[in-house]
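Student: Before anything else, here's the structure in question.
The values are calculated or read from the model by the stated rules, or taken from the named source; none is laboratory data. Everything quoted here is computed from the prediction, not taken from an experiment. All Cβ positions, glycine included, derive from the backbone under ideal geometry; neighbour counts span all protein chains shown.
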Amino acid sequence: MEYILIAIIGLFSGAVGALVGLGGGVILVPATLFVGLSLGFIPDLTPQKVVGLSVVMMIFTGLASTLSYMKTKTVDYKSGAIFFAGSIPGTILGAWVNRGLDLPSFNLYFGILLIILATILIVRDKLKPVKWFVEHGTKRTFTDQDGKSFVYGYPIWFALILTFGIGFSSGLFGIGGGSMIVPAMILLFLFPPHVAVATSMFMVFLSSIVNSASHIYLGNVPWIYTIPVIPGAYIGAKIGAALNKRINSDTLVLVLRIILLLLGIRSIIDGLF
């Protein structure tokens, strides 16, 4: 029974992650905690094992996404490598700190993070791009298929600090960094949106490998549950990508904002009480 539940959660996580471009970890972690631990269907799981399961899953969803974006030539490999370099120490530190979290503490801090992510999604369309970082950083150019050119860039030192923090959150909670790095890339570094998403998934794929290695070393990966979750998430991602072309993206983002807020509030309540 638990394998069927894990497969369904993986399928749903992959589908939602592909639909809105945020990765499946932000759905898989709270859903598995709720179904597995709060409802007691998978009592042998711990927050550490849920995070380990999530980061292994993200290797495969990140790889599938990166391969798709490579075909459209929208991946900025140099920027992705710089962001990845900044995330490595943060990811390792986050995985190490994760060892000391009990379930109430994990729920509390994870709930706060979900509310922050929901807030970012709510306000990102209302914020104006900041040109300072481009003017005082390394500039890059991109020309899309229509011949339109974009100039974007960032100070490398700031990018390393930013991705360190994102890597820490990813290692600690088992979520992909796309939900945090993409708005920063668009608003602060003036990345074209399609380049930001593609480059983010490239970074998430690389950082998930390091993240998984850290959690494997710490013994946090429940290998038996990776068997149903990986194909479930992969199939879900395919379904989500197909639906993405047919469903209004603004509606999807609105639904996700509400879901993240509700999950965050519930997680905080579980952590406090």
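Results for (1) over 17 Å from the mean Cα position of the chain (by Cα); (2) modelled with pLDDT under 85; (3) over 30 Å from Asp144 (Cα atoms), shown as yes or no for each residue.
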residue	(1), (2), (3)
Leu5	yes, no, yes
Ile9	no, no, yes
Leu22	no, yes, no
Ser38	yes, yes, yes
Phe41	yes, yes, yes
Lys49	yes, no, yes
Ser65	no, yes, no
Lys73	yes, no, no
Asp76	yes, no, no
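Student: Are any residues in segment 45-100 charged (D, E, K, R) and touching a Leu at 6+ places or on another chain (Cβ under 9 Å), and if so, which ones? Explain how you work it out, then say what you get.
Tutor: Residues of segment 45-100 that are charged (D, E, K, R), as a first pass: 49, 71, 73, 76, 78, 99.
Within segment 45-100, just Arg99 meets the criteria.
Student: Could you list, in sequence order, the residues of segment 33-91 that are surrounded by fewer than 17 Cβ atoms within 10 Å (Cβ to Cβ) and not in a helix (DSSP H, G or I)?
Tutor: Passing the criteria: Leu39, Gly40, Phe41, Pro43, Asp44, Lys73.
Student: Of the conditions (1) in contact (Cβ under 8 Å) with a residue 12 or more places away in the chain; (2) outside any loop (DSSP other than H, G, I, E, B); (3) within 17 Å of Met180 (Cα to Cα), Thr119 satisfies every one except a single condition; which number is it?
Tutor: For Thr119, the exception is condition (1).
Student: Taking only segment 205-248 into account, find how many residues are over 18 Å from the mean Cα position of the chain (by Cα) and modelled with pLDDT under 80.
Tutor: Residues meeting the conditions: 6.
Student: Filter segment 115-136 down to residues that are touching a Pro at 6+ places or on another chain (Cβ under 7 Å) and at pLDDT 80 or above, then give me how many there are.
Tutor: 3
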